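Please read the structure below before turning to the comments.
Where a number appears in this text, it was derived from the coordinates with a stated rule and is not lab data. What you see is a predicted model; the values in this text were computed from it and never measured.
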Amino acid sequence: MIKRRKVAIVGCAYRFPGSSNAGFWQNLMEGRDLVTQVDPSRWNKREFLHPDKASPATSYTFASGTLGDISAFDAGFFSISPREAAMMDPQQRMLLEMCWETFENAGVKPSSLRGSNCGVYLGIAGV
């Protein structure tokens, strides 16, 4: 007989294009398309747009789901020097923020988990 264990997901945090955590569910229920055109300040359309998908170092579309300005980061909160924070991949900074938000969402003090039977699962992806 297989012994089943109960699992509880008690906190989460996420980032999606055009959505705050609170607005995500509303956007989902409304079926909103959050993909927009790439901001011209990010990519030069004349240089990179090409209708042939096989053309190297180009894009055949300028549609994108972006998170907006992700440059704000409170390095001191995480005991990281401003210099070190500037050298980090923005995804690493965002991951730290989201881990903390997950604890807040769950109402859990991170220090209370030391030595406990707790698992943390995370994922991060980007292009």
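Helix-derived [θ] at 222 nm for the chain: sum -39500 (n - 2.57) over DSSP H runs of at least 4, divide by residue count, nearest 500?
So the helix-based figure for the chain works out to -8500 deg cm²/dmol.
Quick one: among Phe77, Phe16, Phe103, which has the greatest mean-square fluctuation in a GNM of the chain with alpha-carbon springs under 10 angstrom?
Greatest mean-square fluctuation among the candidates belongs to Phe77.
Could you work out the pair-distance distribution P(r) of the range 72-127 from its alpha-carbon pairs, with 10 angstrom bin width and percents rounded to whole numbers?
That works out to 19, 46, 31, 4, in percent per bin.
What is the angle, in °, between the Cα long axis of helix 21-30 and the longest principal axis of the Cα atoms in the chain? Nearest 10 is fine, range 0 to 90.
60
Whose amide H sits under 5 Å from the amide H of Thr36, counting only residues 5 or more places off or on another chain, with H placed in the peptide plane?
Answer set, sorted by chain and number: Ser64, Gly65, Thr66.
Cut-off 10 angstrom, C-alpha nodes, Gaussian network model of the chain. Which of Asp89, Asp33, Asp52 fluctuates the most?
Comparing Asp89, Asp33, Asp52 in the GNM, the peak value goes to Asp52.
For the chain, find the longest principal axis of its Cα atoms and tell me its angle to the long axis of helix 90-106, 0 to 90°, nearest 10.
For 90-106 against the chain, the angle is about 40 degrees.
Which residue, Met88, Met29, Met98, tops the fluctuation ranking in a GNM of the chain built on C-alpha contacts under 10 Å?
Met29
Ignoring solvent entirely, what values of log10 I(q)/I(0) come out of the Debye formula for the chain at 0.15 Å⁻¹ when each Cα is a single scatterer?
Debye output, listed in q order: -0.96.
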